[in-house]
Structure formats: structure tokens, C-alpha cells
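The values are calculated or read from the model by the stated rules, or taken from the named source; none is laboratory data. Only a predicted model underlies this, so the values are computations on that prediction, with no experimental measurement involved. Cβ: placed from backbone, ideal geometry, glycine included. Neighbour counts: every protein chain shown.
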Amino acid sequence: MAISQNNGDNRSWHLTPLVAMNDDQFGQWVELLEKRTGICLPPERKSFLLTSLSARMRELKCQDYETYYQYLMSGKKGDMEWEVLVDRLTVHETRFFRDEFSLRLISDSFLPKYLATNDDALRIWSVGCATGEEPYSLAMLLDDYVEREGLDRNFLITATDISLGSLAKALRGQYRNNRATNVPAEFAERYINRLDADILEVKPELRQKVSFAQFNVMKLAHARPEQMDIIYCQNLLIYFKRERRIAILEHLVKHLRPGGLLVLGAGEIINWSNPLIETVNFPSTLAFRRINEPAGEQS
Ligand SMILES: C[S@@+](CC[C@H](N)C(=O)[O-])C[C@H]1O[C@@H](n2cnc3c(N)ncnc32)[C@H](O)[C@@H]1O
């Protein structure tokens, strides 16, 4: 198959019209994306798919969707190419301190009560962490809380995403200065270094508190249940169909310790319940607390 990596001149590619895609082909790509990532691509996002595929195909000097599709199916090479493509087809929009209400729920309501009842190191999971602003915000919040309360308490944040490109940026921990406008001034002072007029970095001491890994939530059914104190999963489920959202949530619940907190984005699921959780009432948030299993029902 004539597909080659291209380091050549792409300067005029945006002037080339996109190759048309018929409904059958669109259906094939939508199915592939949903099967592998859970992401459901509605018809109104077809132009996004076309633009993303075409850009990548031009880089590979590949002329048509079918050839590219077959290349993706071609064993190891195809799997490596999929990692590149999935990075292009996922939305990585995020920012520091994106959801102040959910963060306030953690610092003002959850932590004071939860830390009073157990003294283990805290384990937090940021699911769909994109380029890292979310887990670093959580790390700042946690570090500040522990220090302010004078607690001798360790915490570790595991941050996962399907996109290797995003994870590489997250691991570096460097961002444009204008990305940090939401960071409260006292946190910026303590946790951020200005490298130059344009770039900032999260201080290495804080970066150490966050470990990044690739993880596809479609594989949750096969993951060893973790005992997380907080699972923070925002702006990921919105891309999935309701049945898929529920299936993922049912799995996430199994990864929570009794008393642990599951934080979603407001409105990301409605009319969902599970015997192991109760809704947490806190303004402008959507969160659930895992309750203890009734005696005799522990797995
Ligand atoms: C819009 S970002 C949300 C980032 C962050 N949670 C926030 O709220 O600011 C969604 C992230 O989910 C990731 N994602 C999409 N499908 C995924 C999957 N099946 N498994 C894990 N991560 C996925 C994308 O790569 C992207 O980085």
C-alpha cells in the first residue's frame, strides 16, 4: 500500500478541496471511532472528520479514505497510525480550574469530612485529563488544603487519557502564560514558574504528585479495580451515547473506596442511579459518594 510518512511541503494543503465522503464511508468511520473510543460522531461533525482525516492523509500522501482505512487495519503499523489519528479526532479542550464549583465541593465539603474518618494517602484519578491542566489544578488544591490544615497527609493523582499527544504535553507541564489566567494568584505564586514572557511550567515538586498514563475508558471492564478516594471525570462522557455513559459510570463506581467521591460535569448524566452511590448535594455540581456495601454483599 502506497502510504509514506511525509516531511515535505504542506503549505498549500488547505487550498486543496476535501475529498468527498459518501454516507456509507461516513458510517464506516463513525463505527470505527465509536467501537475503539466510545466517541459518537453525529452527522453535523462530518466536516470535522473530513478535515482531520484529510490533513493526516495528506501527510501520508494517501489519496483516498478507503486506502487509509485499510492501512489503519493493517496490524502493528495500523495500530501505530491509530495513535496519531485518535489524537486528531479527540477534543482536548481544557483549562486550569475549569470547574470552580466542583473544586470547591472537594476542598470545602468533601475533604474536611473524609479526611477526618481515614488516614491513608489520598488517591485521585483524573479520567480524560487531556493536556494536564485538570490534574495539576487538583494537585494545587490538594497540596494547599493539606498544608493549610497542617495535615501530614500524602496524595497521588493518576491522570489518564486515550491521547498520547495530550499526555506528552501534560507530562512536560509547560503551557503558554495566557493558559493560567484562571489559576488563583496565590496558587500561581506557589506552584508555577514563569520560564519566559510566554511560557510557564508547573513546578517540579507539584508535577511529582501527578502520574500520567494512557488509558482508554472503553477498557474499564478489564481494569483491576482501584481504590480511589476521588474520581474526577469531566467533559468526557458528553461525547458518548447514554448507554455507554452509564456502562462507564457503573465501572467507575467499582474503582471508588467506600466514602469516595465521583465528580462529573454538571448535566453529564441524568436519571442514573446505582445501589452503591448516593448523590452529593452541592450547588452547580454533579457528584456521587460511594456508600458502604450492605453486609454480606461485598465482592
Ligand atoms: C474535552 S477533554 C476534557 C479534559 C478535562 N477532563 C476537562 O474537563 O477539562 C476530553 C478528553 O477525553 C479524552 N478521551 C476521549 N475518549 C477517551 C477514551 N475512550 N478514553 C480515555 N480518554 C478519552 C480526549 O482525548 C480528551 O483529552
Single match in Phe110, Phe101 (criterion: more than 12 Å from the ligand (Cβ to nearest atom), closer than 25 Å to Ala180 by Cα, modelled with pLDDT of 95 or more and more than 17 Å from the chain's Cα centre (by Cα)): Phe101
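Tally up the residues in segment 253-297 that are assigned to a loop (DSSP other than H, G, I, E, B) and not aromatic (Phe, Trp, Tyr), please. Full working, then the answer.
We begin by selecting, within segment 253-297, every residue assigned to a loop (DSSP other than H, G, I, E, B); these are 255, 265-276, 281-285, 291-297.
Keeping just the survivors that are not aromatic (Phe, Trp, Tyr) gives 255, 265-271, 273-276, 281, 283-285, 291-297.
So the answer is 23.
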Any pair with Cβ under 8 angstrom, 6 or more apart, that starts in segment 183-197 at a residue that is within 21 Å of Thr94 (Cα to Cα) and ends at one that is among the polar types (S, T, N, Q) and assigned to a helix (DSSP H, G or I): Val183/Ser137; Arg194/Asn177
Filter result for Thr94 (in a loop (DSSP other than H, G, I, E, B), of a type in the set (Val, Ile, Thr), at negative phi and not assigned by TED's automatic domain parsing to the domain that holds Lys219): yes
Single residue of segment 266-281 satisfying the filter (under 22 Å from Lys113 (Cα atoms) and either at pLDDT below 95 or surrounded by 17 or more Cβ atoms within 10 Å (Cβ to Cβ) (or both)) that is nearest to the ligand (Cβ to nearest atom): Ile277
Boolean, Tyr114 is of a type in the set (Phe, Trp, Tyr), closer than 20 Å to Leu164 by Cα and in the same structural domain as Glu268 (by TED's automatic domain parsing): no
Odd one out for Lys113 among (1) part of a helix (DSSP H, G or I); (2) of a type in the set (Lys, Arg); (3) in contact with a strand residue (DSSP E or B) (Cβ under 8 Å, 6 or more places away or on another chain): (3)
Options Ala180, Ala170; residue that is within 20 Å of His92 (Cβ to Cβ), over 17 Å from the mean Cα position of the chain (by Cα) and of a type in the set (Gly, Ala, Ser): Ala180
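Considering Ala213, Ala221, which residue is in a strand (DSSP E or B) and either in contact with a Gly (Cβ under 6 Å, 6 or more places away or on another chain) or surrounded by fewer than 16 Cβ atoms within 10 Å (Cβ to Cβ) (or both)?
Numbers: Ala221 fails: in a strand (DSSP E or B).
Step by step, each of Ala213, Ala221 is checked, and only Ala213 is in a strand (DSSP E or B) and either in contact with a Gly (Cβ under 6 Å, 6 or more places away or on another chain) or surrounded by fewer than 16 Cβ atoms within 10 Å (Cβ to Cβ) (or both).
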Meets criteria (more than 24 Å from Glu201 (Cβ to Cβ) and within 10 Å of the ligand (Cβ to nearest atom)) for Val84: no
Of the criteria (1) out of contact with any Gly (no Cβ under 7 Å at 6 or more places or on another chain); (2) within 16 Å of the ligand (Cβ to nearest atom); (3) closer than 30 Å to Asn271 by Cα, which one Leu236 fails: (1)
Selected residue (only one of Leu49, Leu41, Leu105 is buried (at least 17 other Cβ atoms within 10 Å of the Cβ) and outside any helix (DSSP H, G or I)): Leu41
Candidate set from segment 133-158 (those that are of a type in the set (Ser, Thr, Tyr) and closer than 17 Å to Ala188 by Cα); member that is surrounded by the most Cβ atoms within 10 Å (Cβ to Cβ): Tyr136
Residue match in segment 51-61 (condition: over 18 Å from Gly165 (Cα atoms), within 24 Å of the chain's Cα centre (by Cα) and not charged (D, E, K, R)): yes
Selected residue [closer than 17 Å to Leu286 by Cα and among the small types (Gly, Ala, Ser)] from Ala223, Ala213, Ala266: Ala266
Glu250 vs. criteria more than 14 Å from the ligand (Cβ to nearest atom), in contact (Cβ under 8 Å) with a residue 12 or more places away in the chain, outside any helix (DSSP H, G or I) and not polar (S, T, N, Q): no
Hits in segment 121-176 (condition: within 15 Å of Ser107 (Cα to Cα), more than 15 Å from the ligand (Cβ to nearest atom) and assigned to a helix (DSSP H, G or I)): Leu142, Asp143, Asp144, Tyr145, Val146, Glu147, Arg148
